[in-house]
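So the structure is just underneath, and the comments pick up after that.
The values are calculated or read from the model by the stated rules, or taken from the named source; none is laboratory data. Bear in mind the structure is a predicted one, so any value in this text is a computation, not a measurement. So basically every Cβ, Gly included, is an ideal-geometry build from the backbone, and we count neighbours across all protein chains shown. Only protein heavy atoms, including side chains, enter the accessible area calculation; ligands, DNA and RNA are left aside. Shrake-Rupley method; radii C 1.70, N 1.55, O 1.52, S 1.80 Å.
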Amino acid sequence: MAEEEEEEEVEEGRSSSSAILDLPEPLLLHILSFLTDVRSRHRAALACGRMRAAERATRALTTHPSATAALTHLDLGLAAATDGFKSSELGPIAASCPNLRKLVAPCLFNPRFSDCVGDDALLSLATSCPRLTVLRLSEPFEAAANIQREEAAITVAGLVAFFAALPALEDFTMDLQHNVLEAAPAMEALARRCPRIKFLTLGSFQGLCKASWLHLDGVAVCGGLESLYMKNCQDLTDASLAAIGRGCRRLAKFGIHGCDLVTSAGIRRLAFTLRPTLKEVTVLHCRLLHTAECLTALSPIRDRIESLEINCVWNTTEQPCSVANGTTTECDPEDDELGEVYESAAKKCRYMEFDDLGSWEMLRSLSLWFSAGQLLSPLISAGLDSCPVLEEISIKVEGDCRTCPRPAPRTIFGLSDLAGFPVLAKMKLDLSEAVGYALTAPTGQMDLSLWERFYLHGIESLQTLYELDYWPPQDKDVHHRSLTLPAVGLIQRCVGLRKLFIHGTTHEHFMTFFLSIPNLRDMQLREDYYPAPENDLMFTEMRAESWLRFEVQLNSRQIDD
């Protein structure tokens, strides 16, 4: 009886500890954040691997002054778990590394925390490391779209003092999830105090460029910029883009994300103004910018652009043929109205002459974002029909497939349409954020095997495809990402594949399908996803021994070249 009671106590201890570790990571870290004593936090870090990395990073950098004083590059991107470094942690790290030239660190900017990074922490960082040329600070996780963003504990006056202490700054990133209001004076101070600034990424900065009348203000004053990326800037308008185009004449990379007031007219004006220099463009999740309109607006640089990243949102109504083909037969002043009194109707029509450039002659890299259930097929008719040198394409699908209507019979995603790109060699197909049913689906729904067939159908048409990175979809209730039989059967028909990287796992007997790919030389299974599988009891899954057997079979084949 005593032995049975001891066994029960052990089982209860195991179940309680596993229950704690099964808590969501943000909740677990929130609980552990109440440990303010350093010794208690260290003990918690010893018990919880999620806190161990941040504790070790801070202790190592603050307890070895002779070594850290010689550091010039420090990347802490993976060391701060979920919340990021707090003010009390960032200050000592910066003080112990006075010779830093590059610093990358996720930080806690949430004003609800008393130890969040604010004006004082930023000024302390700048004064401790005055030689910084590359500084990238960000909040680790995106805020929910339906949540009202609060103001960060960062003011314009604090940013002005911060920039004044970093005269050598060339690359600056501050990607926040909390708003910084009326940021135009801070950007003007950046241009004045940091004359070498070339690369700028800002998130949730409001009032970056008001574009009042003819004078340049805010970020438009930074004339030396070569790369500019603005995210969640809710008051950025077409007039702001026009001012940025006039003021930042050296821009080679430009991107906007979640700027809901920008329309195709602003993109067109910017593209026309920066035609001599602009090579890379990113336009994501802007409410008024649909894909066909965005591609048409980029007509002035269609023969010059080398990299393009857009999200694919198709209009419910049919576009006119002229819009779908990227051509315009007449100039409508209302379509390009920017609200600027100095621009005449003749100037508005002047850049329409570029609309007849039908080929994306220099486009080598294309990144596309889709919501779950949307089709790739309309992309070609939207204007991306001719890309003679396109070498790499990245496709990201996000959303809940369980809420999508079941596709009509014989409806497919449309990978076969990419066969029109003659030199396409690399493709990344990321379905990791597409959520579905891994097991039996309810009536009227499709499980993940059918969704994989929907997305991968037609991939065999890509005869020039040399390298494939594939992330299978997930079921959040199962925490297991594995290739299904339809996915394996479709991928093994890509006869030109040389490299295949699967970010998940699969059954051992499914791997034999890939041996039929004649030129396959590099095959990898990467379980680099989170959360990890719940159990390791599926005996038909790939293990170290089974992978070695597959590797022997793969290397024993005779390959012509």
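Please give me the summed charge of the neighbours of Leu278: other residues whose Cβ is under 9 Å from its Cβ, Lys and Arg +1, Asp and Glu -1.
Value of the local net charge: +3.
Accessible area per residue of region 61-311 at 1.4 Å probe, in Å²?
37 Å²
Would you kindly derive the ³J(HN,Hα) couplings of region 425-433 from the backbone phi angles with the Karplus curve 6.51 cos²θ - 1.76 cosθ + 1.60 (θ = phi - 60°), listing them in order in whole Hz, with x for Gly and Pro?
So the J values, rounded to whole Hz, are 10, 10, 9, 10, 10, 10, 10, 5, 9.
Could you order Asp217, Asp83 so the one with the most accessible surface comes first? Probe is 1.4 Å.
Heavy-atom accessible area, descending, gives Asp83, Asp217.
Considering amide H positions built from the backbone, and no H for Pro or chain starts, which residues 5 or more places from Ala152, or on another chain, come under 5 Å of its amide H?
Correct list: Asn179, Val180.
Separation between the Leu515 and Arg364 pseudo-spin-labels, each 7 Å from Cα along Cα→Cβ, expressed in nm?
Output for this residue pair reads 3.9 nm.
Once amide H atoms are placed 1.01 Å from N in the peptide plane, what residues at a sequence separation of 5 or more from Asp447, or on another chain, have their amide H within under 5 Å of its amide H?
Distant-sequence amide H within range of Asp447: Ala441.
Looking at region 87-153, which chymotrypsin sites (Phe, Trp or Tyr not before Pro) are in a loop (DSSP not H, G, I, E or B) and have at most 13 other Cβ atoms within 10 Å?
Of the chymotrypsin sites (Phe, Trp or Tyr not before Pro), the ones in loops of region 87-153 whose Cβ has at most 13 other Cβ atoms within 10 Å are Phe141.
For region 425-535, what % of the accessible area comes from carbon and sulfur atoms, probe 1.4 Å?
51 percent
Taking 25 Å as the cut-off for C-alpha to C-alpha distance, list the pairs among Lys198/Lys231; Lys231/Lys426; Lys102/Lys253; Lys102/Lys231 that go past it.
In this structure, Lys231/Lys426 exceed 25 Å between Cα atoms.
What do you reckon, how do Val552, Val221, Val156 stack up by accessible area (1.4 Å probe), largest on top?
Val552, Val221, Val156
Measure off 7 Å from each Cα along the Cα-to-Cβ vector at Val552 and Gln234, then give the distance between these two points in nanometres to one decimal.
Taking the simple label geometry, Val552 and Gln234 are separated by 6.3 nm.
How large, in percent, is the carbon and sulfur part of the accessible surface of region 61-311 at a probe radius of 1.4 Å?
53 percent
Amide H to amide H under 5 Å from Ala434: which residues, 5+ apart in sequence or cross-chain, H placed 1.01 Å off N in plane?
Those qualifying (amide H under 5 Å, at least 5 residues apart or on another chain) are Gly399, Gln474.
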